[in-house]
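Engineer: Starting off with a structure, shown below.
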Amino acid sequence: MPTVTRIIQIGGGNIHKEELIQLHTLMVQMKTFFEGSGKGEFSQYQSLQISPIHVHRSKSEHKHAIFVLGKEIASVMAHDEFSGAGRTSVRMQELAIRTMDELAK
């Protein structure tokens, strides 16, 4: 299975690196929208020093960035931790931690 090395799994589905970078790009556009509205700092994402244009970075790094950014976007959208977006923020944080562990391997 040589294509397995080019594919990662997110939520049970296979995503190619190019598709992952496209998702990363869309999420950065959401971040830009919220920043323009004066909502959110996105400091954890910015500390990763990765963006969708960094195509040379690994799939795992982009995956981790997506989960970190997803957590921060969900936090901006959440009014309280019991809202749907609040639960999404918690789940994204869990996934970000898990992908960080994968990067350490």
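Engineer: Working only within region 57-77, note down all residues that are out of contact with any strand residue (DSSP E or B) (no Cβ under 6 Å at 6 or more places or on another chain), under 16 Å from His16 (Cβ atoms) and surrounded by fewer than 20 Cβ atoms within 10 Å (Cβ to Cβ).
Structural biologist: Scanning region 57-77 gives Arg57, Ser58, Ser60, Glu61.
Engineer: Right, another one. Does Glu61 fit the bill of being under 15 Å from Ser43 (Cβ atoms) and modelled with pLDDT of 90 or more?
Structural biologist: no
Engineer: Would you check if Ser83 is among the hydroxyl-bearing types (Ser, Thr, Tyr), surrounded by fewer than 17 Cβ atoms within 10 Å (Cβ to Cβ) and modelled with pLDDT of 90 or more?
Structural biologist: no
The values are calculated or read from the model by the stated rules, or taken from the named source; none is laboratory data. The structure presented is a predicted model; accordingly, all values stated were derived computationally and were not measured. Don't worry about glycine lacking a Cβ; one is built from the backbone with ideal geometry, like all the others, and counts go over all protein chains shown.
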